[in-house]
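These notes are about the structure you will find just below.
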Amino acid sequence: RCLLKMVKENIVVPEEILSFCCNGLQGSTSPPCAREPGEREEVPGAMASPSPARNPTEVQMSQLVLPCHTNHRGELSTAQLLKWIDTAACLSAERHAGCPCVTASMDDIYFEHTISVGQVVNIKAKVNRAFNSSMEVGIQVSYEDLCSGKHCSICKAYATFVAQGPCGSKVKLKPLTPQTEEEKIEHSIAAERRRMRLVNKDTLKDLLTRCPRETELETRDGSAAVPAEKTRVESVELVLPPHANHQGNTFGGQIMAWMENVATIAASRLCHAHPTLRAIEMFHFRGPSQVGDRLVLKAIVNNAFKNSMEVGVCAEAYGQEMSVSRRHINSAFMTFVVLDQEGRPRTLPMVAPEPGDGERRYREASARKKIRLDRKYVVSCKQTEVPLSVPWDQSNKVYLSYNNVSALKTLVAKANWTLAREKEKVRMYTLEEDKFLSFRIEMSVRITAGQAFSLLSDLRRRHEWDSHYASAELVQQVDDDDMIYHVVSQTLSRENKPQDFVILASRRKPCSKGDPYVVAFRSVTLPTHPASASFTRGETLCSGFCIWPESEDMSKVAYYNQATPGYLNYVTTNVAGLSSNFCATFEACEKFLLKNKEDLIMRLQDL
């Protein structure tokens, strides 16, 4: 205190005193400080309380929203939020990689709330899974009101980063070992999200080929169509050192912020108001840009629906020489709404697309809206919110398949499984949750994991070992990994009729070492196979097999099922020991596998 007082009053501090104070700050021996009356002596380490081990890749960022971060309404600008999100995610990725990382893509982001001046933005980012040279980083964003203490979720995002070595070479990443139940779930599902990203373009193309090519303009009372050309925006930015990392590559968050800025201007030109960004479709960085580049940012309203509009925006880069062709850096699609004084979305004017490319963008925007709805309400919702039978459609097949596999992987990663019964080699476990009773049956079988996967993924052969199955007909071969079956059960319902099911079977081979082979089942609704008076339509929410290799010729085969009400009595009877039907069925499964593995080997050799 005396030292601070001398400094404030511009008194020259003797070198001996300054040296003594500096040594004391470094932890060297110093005389005890005088304490105020009633003040307790602080014991070293007394304030430290044991805390659970944190993920070594976890990064936490807290930012106080200042006026310089906000828009005209005093709310945090989305551009600034995107920069913070990208920074936190990049720091997390670099913690794991131990080298510089660049943003490769950012999945869909849905913004649930706005943030005002004076509130705090809390961002938590951690690596969910590392692949060869890329990794998925999960980001959670929330805000905190310092006056009321209120916390509220803003958005959740997934970003993909690539580790870079010298001269931009790719770096092979070390695997990440999840510790907590939440981390194990995210680690397992990350492979399925990666698969969904890779087929995103194909999903759009497939939907467009099945839709009519004629562009039909929606009619709205009292509003004339606005030519899309009037909403076009073009702007240029010079990449300066503050916009780039230590390798000279432009920050992905900075590019996203510039893109959001021109997209907002384009949206404003349509509605003549200040729009609010509600969602961003996947950012995909096609190539890097460096300090000194000129980034040309273009935006245009592709389509205006009743209460929302889609703005397409792209970024191109070029150097000082105009003769060199521009490099396509990024493209994205952003959804805006205009809110009234009560916070409700206003009706928007229509858009008249330009002939040719404008009409193509108009149609693609409609297709993307359907895909966004499928992705939001099939993929993003909690498992308890998903209806048992989801209508099957070619346009949402990717997301139903994702939900099918991710639901099973989530069930597998749960931590509170309890051993309920054990009979010889068969073990039965249960998991009791608020709304569900799930069970798992497992045993080790002398067969390779790949052979067991091939035999168990074909429901047409299920009746050979499972007495509950009467028949299974392959209704639709969706692709190499997904099939739809119509299954007839031997079990009679309360109406004294056999049950039938329409089941989506999704198969997945291991993504990396340690992953299981997965065969997931869930009910879907198919127009070609409606409920029949001859059967009682049954449903399965989440079930399937996971197969882990234990050695070259041994595998652990586990069957999981999240019991629906119609199946519950059967499950509890076996759990209570009043029946051994489960164990007998699984023993029959083992005999089926052992009997058919030799035939399978011979068929594979013939191929």
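When you scan the stretch 402-440, how many residues do you find that are hydroxyl-bearing (S, T, Y), modelled with pLDDT under 90 and touching a Lys or Arg at 6+ places or on another chain (Cβ under 9 Å)?
Looking only at that region, the number is 3.
Which residues, taken from the stretch 144-161, are more than 19 Å from V120 (Cβ to Cβ) and open to solvent by 30 Å² or more (accessible area, probe 1.4 Å)?
Y158
Within the stretch 268-278, how many residues are in a strand (DSSP E or B) and either at pLDDT below 90 or open to solvent by 40 Å² or more (accessible area, probe 1.4 Å) (or both)?
Residues flagged as in a strand (DSSP E or B) and either at pLDDT below 90 or open to solvent by 40 Å² or more (accessible area, probe 1.4 Å) (or both) within the stretch 268-278 amount to 1.
Conditions: (1) in contact (Cβ under 8 Å) with a residue 24 or more places away in the chain; (2) part of a loop (DSSP other than H, G, I, E, B). G149 meets all but one. Number of the miss?
Every condition holds for G149 apart from (1).
Quick one: in the stretch 296-330, which of the residues that are in a loop (DSSP other than H, G, I, E, B) and in contact (Cβ under 8 Å) with a residue 40 or more places away in the chain is farthest from N261 (Cα to Cα)?
K306
Which of the numbered conditions does T448 fail, given that it passes all the others? Conditions: (1) out of contact with any Pro (no Cβ under 8 Å at 6 or more places or on another chain); (2) in contact (Cβ under 8 Å) with a residue 24 or more places away in the chain; (3) farther than 21 Å from V390 by Cα.
(1)
Residue by residue through the stretch 244-267, note down the ones that are under 27 Å from L91 (Cβ atoms), open to solvent by 40 Å² or more (accessible area, probe 1.4 Å) and either free of Cβ contacts under 8 Å to residues at least 60 places away in the same chain or under 24 Å from the mean Cα position of the chain (by Cα) (or both).
If the condition is that a residue be under 27 Å from L91 (Cβ atoms), open to solvent by 40 Å² or more (accessible area, probe 1.4 Å) and either free of Cβ contacts under 8 Å to residues at least 60 places away in the same chain or under 24 Å from the mean Cα position of the chain (by Cα) (or both), then F251 is the only one that fits.
Exactly one of these conditions fails for K497: (1) more than 31 Å from the chain's Cα centre (by Cα); (2) surrounded by 15 or more Cβ atoms within 10 Å (Cβ to Cβ); (3) free of Cβ contacts under 8 Å to residues at least 60 places away in the same chain. Give me its number.
That leaves (2) as the condition not met.
Scan the stretch 389-400 and report the pairs whose first residue is open to solvent by 20 Å² or more (accessible area, probe 1.4 Å) and whose second residue is hydroxyl-bearing (S, T, Y) and modelled with pLDDT of 80 or more, with Cβ atoms within less than 7 Å and a gap of 6+ or a chain change.
S389/S523; S389/T525; P391/T525; W392/T525
Go over the candidates V127, V121, V102 one by one and state the one that is modelled with pLDDT of 95 or more and over 18 Å from G149 (Cα atoms).
None of the others qualify; the one that does is V127.
Filter the stretch 500-513 down to the residues that are closer than 17 Å to F545 by Cβ and surrounded by fewer than 15 Cβ atoms within 10 Å (Cβ to Cβ) and list them by number.
Filtering the stretch 500-513 down to residues closer than 17 Å to F545 by Cβ leaves 501, 503-511.
Across the stretch 500-513, the qualifying residue is only K509.
Where residues in the stretch 408-440 are β-branched (V, I, T) and either in a helix (DSSP H, G or I) or open to solvent by 10 Å² or more (accessible area, probe 1.4 Å) (or both), which of them is nearest to E550 (Cα to Cα)?
V412
The values are calculated or read from the model by the stated rules, or taken from the named source; none is laboratory data. Source: prediction; values computed, not measured. Reconstructed Cβ throughout: ideal geometry from the backbone, glycine too, with neighbour counts over all protein chains shown. These area figures cover heavy atoms from the full protein model, side chains too; ligands, DNA and RNA do not enter into them. Shrake-Rupley method; radii C 1.70, N 1.55, O 1.52, S 1.80 Å.
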